[in-house]
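What follows is a single structure, written as C-alpha cells, with notes after it.
The values are calculated or read from the model by the stated rules, or taken from the named source; none is laboratory data. Everything numeric here is computed off the predicted structure, so don't read it as measured data. Because the Cβ atoms are built from the backbone with ideal geometry, glycine has one as well, and the counts that use them run over all protein chains shown.
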Amino acid sequence: MKKHAEKISVIVPIYNADKYLKQCLRSIIDQSYENLDIILINDGSKDQSGNICDDFAKMDSRINVIHKTNSGVADCRNIGLSQSKGDYIVWVDADDYIDRFFVEHMYEAMKNNQSDIVQCRFVKVNDGNYKFETEKSSVTNYSRQIVLEGYAEEKDSVSSIYLWDKLFRKALFENISFPLRSNSEDRAVLCQVLARIKVFTQIEDVMYAYRLSENSLTRGKMNYGFIKSAIDTENERVRFFKGLGDETLYHKALIAYEKVMIATYSRCILKMKDKKLAKKIFSLYRHYYKAVIRNKNLNFVRKGQFVFFRYFPSIYAFTIFNAYDLKTKR
C-alpha cells in the first residue's frame, strides 16, 4: 500500500450488527489508503458485535474500540468526532461496506479540487455480493449556493441527505454536535455543515454499498417517536435556513417542510390509522401554508397540490399520495 501523510478518521457507530459487521470492517481495513484512524463505537450491542470489534482491534493497531451503554447513533457520532485524530472524516454504517479505493479516490478528489466535501455514488444492496468497478470517472464541482438550494428543498440534485457517502474536512464539524434522541440526526447536522463549504465535489464512481437491512441504525419504524423526531428536524431546518438571511433558501425550506407534513399526515392515516396524530400534523402544515402559497416562484402544479391537501387532506391521502406511494415501491 502507498504511504499517505494525512490521517483520515473512519467512524463506525455499531448496534447489534454482528451479521454484517465483519464484511464492513474488512472493507475498511483493506483500504488502499493506509493512514487511517478507525473508530468503532459499540453502542451497547446485545449480540456479538462487541467481540467482533475487539477481535479486529487485535489484528489492526489502527482500530480504536469504544464500548458504551446504549444511547443512540447521534451520541455515537458525537463521541466518534471527539475521539477522532484525523483532519478528515468518513462515516460508515456497520451493516454497509465500501470499495477498496473509497478513501483514496475521495481524498485525491478533495486535494485536486480544493474541496470541503467529496461525495461518491452509492448502490442499495440486499446482500454482500455486490462487486465495485471503480474507474475514476468524471468529477463535478458545485458552489455552496447551488448545494444549499437543492438541500433546502430536500432534492438530491447535488448533496444526498446522508453522511456515509462523503469525505469531510473535519473543521466543518467544529462546534457542531448531533442532536440526541433524534432519528434524523444526519439531516439536522448536514445542513449546518453544507453552509460552511466553498466547494462540493461529486465523483460519479459507485463506491459505497448501502445494505437494506432491518437493523440499520439509520432506519426507523413509523411510530409517534419517529414522527416527532422527523418534525423536530424539519422545524430546525426551517429555522436554520431562515437564520441564513437568504429568502430563496428559506422559501425552498418551507416548501420542503410542507411536503414532509403531507407525507407524514398521509402515512399516519394510511399506515398507523391514527386520526388524532394526523390532526396534529395537519395543524403544523397550516402553520406555514399561507407563506408558501403566496410564494410567486411556486409552480402551478405544486400550488394545486398544496391547496387540495389544505381543504381535502383525507381525500388527498387516500388518492394522490397513496397512488404515488405505491408507484415508488414498484
Output the helices (runs of 4 or more DSSP H) that fall wholly within the range 218-326 and possess 3 or more residues being at pLDDT 90 or above and assigned by TED's automatic domain parsing to the domain that holds E153, or say none. none
Out of the strands (runs of 3 or more DSSP E) lying entirely within the range 3-71, which hold 1 or more residues that are touching a residue at least 12 places away in the same chain (Cβ under 8 Å) and loosely packed, with under 15 Cβ neighbours inside 10 Å? 63-68
Please count how many residues of the range 72-98 are within 26 Å of V125 (Cβ to Cβ), assigned to a loop (DSSP other than H, G, I, E, B) and not aliphatic (A, V, I, L, M). 4
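Residues are listed down the side, and each one gets a yes or a no for (1) acidic (D, E); (2) surrounded by fewer than 17 Cβ atoms within 10 Å (Cβ to Cβ); (3) without any contact (Cβ under 8 Å) to a residue 60 or more places away in the chain:
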{"position": "F241", "(1), (2), (3)": "no, no, no"}
{"position": "A253", "(1), (2), (3)": "no, no, no"}
{"position": "V260", "(1), (2), (3)": "no, no, no"}
{"position": "C268", "(1), (2), (3)": "no, no, yes"}
{"position": "A278", "(1), (2), (3)": "no, no, yes"}
{"position": "H287", "(1), (2), (3)": "no, yes, yes"}
{"position": "N299", "(1), (2), (3)": "no, yes, yes"}
{"position": "Y311", "(1), (2), (3)": "no, yes, yes"}
Within the range 99-199, helices (runs of 4 or more DSSP H) holding 1 or more residues that are over 17 Å from the mean Cα position of the chain (by Cα) and under 24 Å from C24 (Cβ atoms): 102-113
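To keep it simple, each residue is scored yes or no on (1) modelled with pLDDT of 95 or more; (2) in contact with a helix residue (DSSP H, G or I) (Cβ under 8 Å, 6 or more places away or on another chain); (3) on the phi < 0 side of the Ramachandran plot.
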residue	(1), (2), (3)
V118	yes, yes, yes
E135	no, no, yes
S138	no, no, yes
S157	no, yes, yes
I161	no, yes, yes
